[in-house]
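Note sheet for the following structure.
Since every read-out is calculated from the coordinates, none of them should be taken as a lab result. What you see is a predicted model; the values in this text were computed from it and never measured. Note that each Cβ is placed from the backbone with ideal geometry, even for glycine, and that neighbours are counted across all protein chains shown.
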Amino acid sequence: MKLTIVTAIAGLLVVVVILELLRRRQLREKYAVLWLVVGLIVVPLGAFPKMLDSVATTAGVRSGVSLVLFLGFVFLLLVCIHLSWESSRLEEETRSLAEEVALIRTQLAEQERTAAIALIRTESAERERAND
């Protein structure tokens, strides 16, 4: 009985923490939905553990614990794959932006060099006119 209460409270804590992170804009909505669903699934299953056994029997699994372990493993595997994909995409975007910044800096340096040369020529021409 005590474990069911702890599990339900843990599920509620997950929901509250996710909502707070959303409120502070420290977690994007697309990730929050995933964790809110996890929290909302854990709360009733923690409060009513017999429901887990019913779901396991319906799914053809002998034990509710085995079902939770398997689904937890699959869930974490999918999260890892998704985060690896996001990381790869962001790495490519960062590389592309770094190249663009380098090109812009090169163009700016060229413009500054051209402007400096023009200024030197202008000053030189003004000095020649002043000497004449």
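Quick look at the values:
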{"quantity": "The chain, helix-only ellipticity at 222 nm - DSSP H runs n ≥ 4, -39,500 (n - 2.57), divided by all residues, nearest 500", "calculated": "-33000 deg cm²/dmol"}
{"quantity": "Relative contact order, percent, the chain [alpha-carbon distance under 8 Å, six or more residues apart]", "calculated": "18"}
{"quantity": "Over 25 Å [Cα-Cα, region 1-130], rounded percent", "calculated": "57"}
{"quantity": "Positive-pole candidate from PRO44, ALA115, LEU19, dipole of the chain, charges at beta carbon", "calculated": "PRO44"}
{"quantity": "With 5 Å bins from 0: P(r) over region 12-81, alpha-carbon pairs, percent", "calculated": "3, 16, 20, 21, 18, 12, 6, 3, 0"}
{"quantity": "Cα-based helix-to-principal-axis angle, 2-23 vs the chain, degrees rounded to 10", "calculated": "20"}
{"quantity": "3J(HN,Hα) from dihedral phi, region 27-32, Karplus parametrisation 6.51/-1.76/1.60, rounded to Hz, x for glycine, proline", "calculated": "9, 6, 4, 5, 7, 4"}
